[in-house]
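The values are calculated or read from the model by the stated rules, or taken from the named source; none is laboratory data. Please read these numbers as outputs of a predicted model, since none were measured by experiment. We place every Cβ from the backbone using ideal geometry, glycine too, and count neighbours over all the protein chains shown.
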Amino acid sequence: MGFEIREMNPYIRVATQSVLRAGHEIGRRVLFDYEMIYVESGCFTLMYDGRDYFCCEGQFLLLRPGIPHAFFGLTGEVSQPHIHFDFTATAESPRIPISFRDVDCFSEAERRMIARDVFEECPQQPVVDFAEREDALRLFYGVIQAQKNAPLLAKATLSMLLTHMIEKGFSQCLCAEEGKLDLARQVKDYLDAGHGFEARLEDFEKMFSYSRYHLERLFRQRYGIGVIAYRNQKRMERARELLWSASVTEVAERLGFSSIYVFSRAYRRHFGESPREARNAEKL
């Protein structure tokens, strides 16, 4: 795909509060642009790319260009502030309207207005999860509040929101530095899944087919910690979990420590107490 975050230069078409009355429906349509929605209150069913999603209060949705969708089954009034935007502004952006029709009704000129989806390699599902939800809400409403009187601020705020969304939800699909897949995220996912607790940088180098120096630099740049330091952190977290049900010796063996003494020193250095003390405390 070749997309990089630095290419992002959003154009905001609409950013507004909106309320759908009970019984209202939005028939099948295809957008030229992106639409981000926050379900502020109420529930409804969203047909998106041929599948039905039951959407309720507190969810963020991202509708992408060229994907057929419809709203129906509103349970009462639905408040759904939303932002229509182009991911990258072009000379044509100000002339492109918001679409309320299905693609079958488009002229050839309108079909050419459908933006290229920068997330085309990501799964087609509309619900977006933000790890730091309060930050996402602050930025989302910041765009809506600024758009009318401070469009440059709105644009900058949307850029921050989209960057946050990409890093937390779409990074595994997008291209990172030098057009390569996001290696740092792959390494982190591998460790988060409980693998590689005995691995050295040389081992990660072989597993991911990139030099250890490149991996370490990308990982530290993205997460503020080195690969091995993060591995040690996840290893200790797993050790604390295992001590609930296994002996100190068993935990040391399962996590690949060369001896119970090496494990005990590492555990005390990380948590400030020995594994035996931690295990005894859990039993009290």
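Within region 123-134, can one find any residue that is touching a residue at least 60 places away in the same chain (Cβ under 8 Å), within 21 Å of Ala154 (Cα to Cα) and more than 21 Å from the chain's Cα centre (by Cα)?
no
Scan region 168-178 and tell me whether some residue there is at pLDDT below 85, among the aromatic types (Phe, Trp, Tyr) and under 29 Å from Asp117 (Cα atoms).
Yes, region 168-178 has at least one match.
Examine region 105-116 for a residue that is touching an Asp or Glu at 6+ places or on another chain (Cβ under 9 Å), among the small types (Gly, Ala, Ser) and in contact (Cβ under 8 Å) with a residue 40 or more places away in the chain, and state whether such a residue exists.
Yes: region 105-116 contains one or more residues that are touching an Asp or Glu at 6+ places or on another chain (Cβ under 9 Å), among the small types (Gly, Ala, Ser) and in contact (Cβ under 8 Å) with a residue 40 or more places away in the chain.
If I ask for residues that are crowded, with 17+ Cβ neighbours inside 10 Å and charged (D, E, K, R), which ones from region 51-80 would you list?
Arg64
Gly76 - would you say it is more than 23 Å from Pro151 (Cα to Cα) and either part of a strand (DSSP E or B) or not small (Gly, Ala, Ser) (or both)? It would help to see each step written out before you state the result.
Details: more than 23 Å from Pro151 (Cα to Cα): yes; either part of a strand (DSSP E or B) or not small (Gly, Ala, Ser) (or both): no.
Here the answer is no, as Gly76 does not meet what is asked.
Out of (1) modelled with pLDDT of 95 or more; (2) surrounded by fewer than 16 Cβ atoms within 10 Å (Cβ to Cβ), the odd one out for Ile83 is which?
Only one criterion in (1) modelled with pLDDT of 95 or more; (2) surrounded by fewer than 16 Cβ atoms within 10 Å (Cβ to Cβ) is unmet by Ile83, namely (2).
Of all residues in region 34-81 being of a type in the set (Asp, Glu) and touching a residue at least 24 places away in the same chain (Cβ under 8 Å), which is farthest from His24 (Cα to Cα)?
Asp49
Residue by residue through region 229-249, note down the ones that are aromatic (Phe, Trp, Tyr) and closer than 23 Å to Phe219 by Cβ.
Tyr230
Any residue at all in region 87-96 that's within 27 Å of Cys43 (Cα to Cα) and acidic (Asp, Glu)?
The initial filter retains those residues of region 87-96 that are within 27 Å of Cys43 (Cα to Cα), namely none.
Checking region 87-96: not a single residue is within 27 Å of Cys43 (Cα to Cα) and acidic (Asp, Glu).
Condition check: assigned by TED's automatic domain parsing to the domain that holds Ala91, buried (at least 17 other Cβ atoms within 10 Å of the Cβ) and on the phi > 0 side of the Ramachandran plot. Does Gly23 satisfy that?
In short, no.
Just give me the residues in region 127-166 being in contact with a Lys or Arg (Cβ under 8 Å, 6 or more places away or on another chain) and either surrounded by 13 or more Cβ atoms within 10 Å (Cβ to Cβ) or part of a helix (DSSP H, G or I) (or both), in sequence order.
Phe130
Going residue by residue through region 72-90, is there one that turns out to be hydroxyl-bearing (Ser, Thr, Tyr), in the same structural domain as Phe119 (by TED's automatic domain parsing) and over 16 Å from Arg21 (Cβ atoms)?
Checking region 72-90: at least one residue is hydroxyl-bearing (Ser, Thr, Tyr), in the same structural domain as Phe119 (by TED's automatic domain parsing) and over 16 Å from Arg21 (Cβ atoms).
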